[in-house]
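Structure first, commentary second.
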Amino acid sequence: MLHLAEAPIRAGKASDFPETYRRAFRWMLLARVAEEKIASLFRGGRITGGVFLGKGQEAISVATGIALKEGDIFAPLIRDQAGRLAFGESLLDFTLTYLGARSGPMRGRDGNVHRGRPREGLLPMISHLGAMVSVVNGMLLAHRFQGKKGTVGAASLGDGATSTGAFHESINQAAVEKLPLILVVTNNQYAYSTPNERQFACSDLVDKALGYGVNGHTVDGTDLESCLQIIGGAVQLAREGNGPQLIVASNLRLAGHGEHDDSHYISSHFKELPLGRDCIEVAQNHLLGKGWADASALEVWTRECAVQVDEAVAHALREPAPDPAQEEWCALSHRHLAEGNSAKF
Amino acid sequence: MLHLAEAPIRAGKASDFPETYRRAFRWMLLARVAEEKIASLFRGGRITGGVFLGKGQEAISVATGIALKEGDIFAPLIRDQAGRLAFGESLLDFTLTYLGARSGPMRGRDGNVHRGRPREGLLPMISHLGAMVSVVNGMLLAHRFQGKKGTVGAASLGDGATSTGAFHESINQAAVEKLPLILVVTNNQYAYSTPNERQFACSDLVDKALGYGVNGHTVDGTDLESCLQIIGGAVQLAREGNGPQLIVASNLRLAGHGEHDDSHYISSHFKELPLGRDCIEVAQNHLLGKGWADASALEVWTRECAVQVDEAVAHALREPAPDPAQEEWCALSHRHLAEGNSAKF
Amino acid sequence: MITYLEAIREAQKKALEIDPRVYLYGQDIGAFGGAFKATKGLAQTFPGRVIDSPISEDAMMGSAIGAALQGMRPVIEMQFADFSTVGFNQIVNQAATMFWRTGESCPITVRLPSGGTPGSGPFHSQNLEALYAHYPGLIILTPATVEDAYSLLLEAIALDDPVIFCEHKYLYYHLKAESLPETALPVGKARIARTGRDATVVTYSAMLHEALAAAEELAENGWEIEVIDLRSIKPLDTDTVLASVARTGRILAVGEAWPWGGVTAEVLARIATDGFNLLDAPPMRLNSKDTPVPFHPNLWGTHRPTARTIANALRDLLRL
Amino acid sequence: MITYLEAIREAQKKALEIDPRVYLYGQDIGAFGGAFKATKGLAQTFPGRVIDSPISEDAMMGSAIGAALQGMRPVIEMQFADFSTVGFNQIVNQAATMFWRTGESCPITVRLPSGGTPGSGPFHSQNLEALYAHYPGLIILTPATVEDAYSLLLEAIALDDPVIFCEHKYLYYHLKAESLPETALPVGKARIARTGRDATVVTYSAMLHEALAAAEELAENGWEIEVIDLRSIKPLDTDTVLASVARTGRILAVGEAWPWGGVTAEVLARIATDGFNLLDAPPMRLNSKDTPVPFHPNLWGTHRPTARTIANALRDLLRL
Ligand SMILES: Cc1ncc(C[n+]2csc(CCOP(=O)(O)OP(=O)(O)O)c2C)c(N)n1
Ligand SMILES: Cc1ncc(C[n+]2csc(CCOP(=O)(O)OP(=O)(O)O)c2C)c(N)n1
Ligand SMILES: [Mg+2]
Ligand SMILES: [Mg+2]
């Protein structure tokens, strides 16, 4: 996997918490800047299909990605740009996929948030909500068969996805098998336009943990420090053999469902609550307040992010689009068993 | 609907608890005797397909059926013979369906436990576990649209069926819509051969209630008195507008999964626990102990049940089998839109 | 001018107006008006009858079936046809079997926003009509025109049987008509969209427009291609197709779905068995390729049949 | 003597023996040995590799996909094919698209106990091969013999692509062979089960035996019917079928599944397009009726094709 963005940020050793915090913050920043760039390309008509942003979700996402190690599994969802970067996905995978480049990991066959590299533990989501969790279970089961120890698997879900049968079957399966699954549910108050009260009736989604016999954790998703601690702690628990961990993080989606959506339906009430804060602003203030970074460092980081993003976009824009004539129209790895490669079939 | 079995048992007015108890007991007895008869016909090779008994489950089932009124909905599962009778299903529906008679409610098209009369609120189960619950939700939604008040809908499930996505989606749906759904989960310790510990990891299935935001109740499923009180109470709560009620009843399946199964896998440990008791014996002792019935009454009731069952079986055995030549091979109610009535298509 | 999407909205509006048993249920279809705005304004006009559902396709379908049994006429919107695979069991095993098992009809309408558009990719582009048609007990409608989007949807809601309504997203905004129709062919009748004498193209949904363009192209060289819009793929109007083949002697079936067991297979099997002696040349079919639907427009444009590939197939069929 | 069911068990046993990546997962398949005893004794012989699952078909399939990505070779038993509709999404959208999307193969085998037996009714009798074949990315096997039950299952597990293995419950105990085969035709090759020159019957799974009986019946009057066992319905061995039709000039396709878009539709569409000029008579097909599968044996026996109805169809085909 390409690690265009890795060098500058991973430079510092993550020996102490302020350093981890800074590192996490810089992934968040990079994700934010990268997504803003894609959004502007979208507005300029340069992106085909949907564009989905993680604005407001970076703290939760990065805390998940950063807690994972090589050999772990990560099944991100649509708002996980920050976590993907922290887990090790290259920024180029992001731009190449959004631009449908032949050289991207999805080769133009799939786009936008539907990308991954299964060999490196990064699962390419299918759209059907909830469907990735049991796939993570299976990878963890395989680790168990193969005698790999100490690995974990994390999957992201939204409040809305908790209503799917797939969510239920898979968390239950993980509980029965005592798998080291970390299920991060980001309750951003809405599923597309649908508010929580039309989605579930429990007072807190974490109340579901008891009914599955798994540990439950809640966290303020706007606060990077809490996210690093709670999610990091849950990952540790899973790693040490304590079975599945359900984390419910609260925040507000600070963008449309996709960039086509003006999200007018989001109640202004939420915007005034602490959960309506922008986690990047919160983290920035925290950095400054604690003296873990000063204004000029923030400026440098922002500039560095812009440079990386511009490079990744420029690179992707130069890459050739897929060529249907050279495309291998074959859905099987055993090519001789595939049918219908002629247009007539 | 025919009510062959109704007259003698419903004769007494259910004005007081002992009377309700007696009434419930007699449905249990009738169910037990009827099922034993079908089992013996099965052993004699007179029944095609599977035979599934509710032995050990009668108290829970009858308490559900008896708490329902005309206009209510009931979606029984495979072990609900007692509840079906109490709800008003005729014993003939049972025998005619098991024998595949043309005159039965399923006309030989479906058999054994797959029967019902939707117009009378009795849903014919499909086999896919969990699938009936949301159908009950829909009927209750319709009642709401139609301004029908005070009706409830009950659905039965087993411990195993709680692992289905359908269970999850439907109880959540009922909670969101605050529907008067009563979900009776009978934890008989096994799903076919699979013990609880391979099915779920929570310490008690009722712990799921909190995570859905619904009321939860537990009950000793071997004790008719508790079943009548707890299930009856839950039905009352739903009827009064308190939303879905999840009831978890514990017992042991005292028969094979079906009559083809010797259930050798059932741990003898369970058989010695209180939950391994036969609810009919428990109820019989209770009746005698309380002086609500004497030995001769029990004998009379048993004889009456045998007579009713014999009649229903004899009647069904005389009924003609379906005639393929007269069968209307048409899956649509708009016959003119159906295709393929010729064998060639 | 009214678009295909607006026609779908108008049909739902009319159904809500004329029939108190009708209600709509789906994700984000209430105040928000749906992912495609097919129900825009309806929640406001019909309070309590246009209901947001949780993301629970199985329970959505199950509850619709229950409500239908109890006398209602639910119309369910799947956010994309592709997500109906999660509610599949309720549709094919509960709704589709209900009448045959119990004699009670199950009048539900399931709207499936179907088909490919550029950039939609493998999970927002599927055409699932053949899946549902394979199961007994369902009616499958595939409107290709604004008029049919309106009239077939109204008829679907009025029918006592479960209907899978495959509306094509590619036509939502593109396709326009002067006005909504007053009368229409009934469900089960195909329509001759263009008359011809040299060959018959049988198709449906978005592919109709590609086929018409191909016919137009061949007309420049004097070929007269008859184009049939199936409208309903179950029931499938074999008679109209046979009558056309009787005139032209040649048939090409075109579908946007995958080839194996799709509409084109069913059409050709019927024509081969019942119209064998009417054929002057081997029948032909053209489908999308047997891979998932690609995201990139370059690939997508090659994956599905187009006017160009249809015209080429027709030249083959005419042995040009 | 070894039965079809025993062959399935032996294939799983052998796979567990020769390949440490193989494990089995399904409801009640562990100590209990499965609803049909297809895994009897295997949990004891291979501790930890034959695992009871919760009643969660979606998660069963999803976990198999994950394990396959991570280098394992899961074999999933659905308790009945009919229940795979609940795990449908993972099969068709996750497993089937994996290789095409990511270039990573997804070697899972899904065993579907399929098909009708007397008294099984609408929800324990289904034949779902056409559903899965419609989606790109899956291989669909339909063994009709004890030998194929063994060799195709072993090959399925060895293949790098997802395989839907449709084993027929009617054959489980009835069908017997002397011994397990040492060699076998590969996946994708049909087998000529009986040679003939007057007409070709193309079929698969349990219907093979009905077709052979029908051929036997017609043989009494001197007719020589060729019977082809497809073995694999995707890929479908069109070449073998075409070669047979080239000899006989007549074809009848027979399937136990529902008619619309089933195997018979696909076979006839291919023969009509690619073998039109080989045909001396209109091709024919015979399927189960377009209703759910009935419970009562009287109805069931009429719902599906039988030796008698196949023989009748053949007489039609031969214009007798
Ligand atoms: C099974 C399924 N049904 C419907 C959809 C369409 N859909 C995509 S995202 C979305 C909303 C998801 O909300 P949530 O889970 O809260 O995540 P968020 O977008 O808020 O991050 C919906 C309904 C889907 N992808 N899958
Ligand atoms: C979706 C689905 N998967 C599998 C089955 C097969 N099956 C029928 S009954 C059963 C066990 C059910 O156990 P439980 O829910 O505990 O009910 P019980 O039999 O104990 O009353 C299984 C696995 C099914 N009917 N539906
Ligand atoms: Mg959300
Ligand atoms: Mg049980």
Rough spin-label spacing in nm, given labels placed 7 Å along Cα→Cβ, for C:T195 and A:S103: 5.8 nm
Size of electric dipole in the protein assembly as shown: Cβ of Lys, Arg +1 and of Asp, Glu -1, about Cα centre, debye, nearest 20: 80 debye
Cβ-based charge dipole, the stretch D:191-317, positive-most Cα from D:A193, D:P305, D:P259: D:P259
According to the Kirkwood expression over distinct Cα-Cα pairs, how big is the hydrodynamic radius of the stretch D:2-177, in Å? 15.7 Å
Out of A:C305, A:L332, A:C227 - ranked by how far each Cα lies towards the positive end of the dipole of the stretch A:225-345, with unit charges on the beta-carbon of charged residues - the top one is A:C227
Would you calculate a helix-derived [θ] at 222 nm for chain C, using -39,500 (n - 2.57) for each DSSP H run of n ≥ 4 and dividing by the full residue count, to the nearest 500? -10500 deg cm²/dmol
Inter-part gap, Cα centre of the stretch D:272-320 to Cα centre of the stretch A:69-130, in whole angstrom, is 49 Å
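Relative contact order (percent) for the stretch D:191-317, with alpha-carbon contacts under 8 angstrom and 6 or more residues of separation?
Value for the stretch D:191-317: 29 percent.
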From Cα pairs below 8 angstrom and at least 6 apart in sequence, can you work out the relative contact order of chain B, rounded to a whole percent? 21 percent
Go ahead and collect, in residue order, the members of the stretch D:182-206 whose backbone nitrogen is under 17 Å from a label point 7 Å along the Cα-Cβ direction of A:H334. D:183-191
Dipole size in debye (nearest 20) for chain A around its Cα centre, Lys and Arg Cβ +1, Asp and Glu Cβ -1? 700 debye
For chain B, the helices passing both cut-offs (Cα extent along own axis of 20 Å or more, Kyte-Doolittle mean at least -1.0, full DSSP H runs) are B:17-43, B:224-239, B:295-318
Given the rotation relating B and A, tell me which residue in B puts its Cβ closest to the axis and the distance in Å. B:G165, 1
Could you work out how far helix C:4-18 tilts from the main Cα principal axis of chain C, as a 0 to 90 degree angle to the nearest 10? 40 degrees
Measuring nothing but label to label, 7 Å from Cα along Cα→Cβ, what are B:H269's distances to the other copies in nm, shortest first? 5.0
Helix-only mean residue ellipticity at 222 nm for chain B, each DSSP H run of n ≥ 4 adding -39500 (n - 2.57), per residue, nearest 500: -13000 deg cm²/dmol
Between copies, how far apart are the B:E299 label points? List them in nm, one decimal, shortest first, with each point 7 Å from Cα toward Cβ, please? 10.4
If one computes the Cα centroid of the stretch A:186-221 and of the stretch D:220-249, what distance in Å separates the two points? 58 Å
Stokes-Einstein D for the protein assembly as shown (20 °C, 1.002 mPa s, Kirkwood Rh from Cα pairs), in µm²/s, comes to 67 µm²/s
Going toward the positive end of the dipole of the stretch C:191-317, with +1 on Lys and Arg Cβ and -1 on Asp and Glu Cβ, which of C:H296, C:A269, C:S244 do you reach last? C:H296
Compute the length gained on full extension between A:K271 and A:R119: take 0.36 nm times their separation in residues and subtract their Cα-Cα distance, giving the result in nm to one decimal. 50.7 nm
From Cα coordinates alone, what are the radius of gyration and Dmax values for chain B in angstrom? 19.9, 67
How do C:Y170, D:Y135, B:Y265 line up, fewest other C-beta atoms within 10 Å first? B:Y265, C:Y170, D:Y135
Beyond 27 Å between alpha-carbons counts as too far, so tell me which of D:K14/D:K169; B:K37/B:K271; A:K271/C:K169; B:K271/D:K13 fall in that bin. A:K271/C:K169; B:K271/D:K13
What does the stretch D:155-257 give for Rg and for Dmax, in Å, if only its C-alpha atoms count? 14.5, 47
Below 8 Å between Cα atoms, with a sequence gap of 6+, how large is the relative contact order for chain D in percent? 16 percent
Select from the stretch D:55-153 those GluC sites (Glu not before Pro) which occupy a DSSP coil region and have at most 10 other Cβ atoms within 10 Å, ordered by residue number. none
The stretch D:191-317 - Debye-derived log10 I(q)/I(0), Cα point model, q = 0.13, 0.16, 0.19 Å⁻¹: -0.46, -0.70, -0.98
Compute the long axis of helix C:146-158 from its Cα atoms, compare it with the longest principal axis of the Cα atoms of chain C, and write down the angle in degrees, 0 to 90, nearest 10. 50 degrees
Amide H neighbours of C:Q79 under 5 Å, counting only residues 5+ apart in sequence or on other chains, H built in-plane at 1.01 Å? C:Q27
Global form of chain D, assessed from the alpha-carbon gyration tensor, a/c cut-off 1.5: prolate
Taking just the alpha-carbon atoms of the stretch A:188-301, what radius of gyration and Dmax come out, in angstrom? 16.9, 49
So who's got an amide H within less than 5 Å of the one on C:I51, skipping anything under 5 residues away but keeping other chains? H placed 1.01 Å off N, in plane. C:L24, C:Y25, C:G26
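Hey, got the dipole for chain C? About the Cα centre, +1 on K and R Cβ, -1 on D and E Cβ, debye to the nearest 20?
With only Lys, Arg, Asp and Glu charged at Cβ, the dipole is about 160 debye.
No lab work stands behind these numbers, since they all come straight from the coordinates. Not measured: the values here are computed from a predicted model. All Cβ positions, glycine included, derive from the backbone under ideal geometry; neighbour counts span all protein chains shown.
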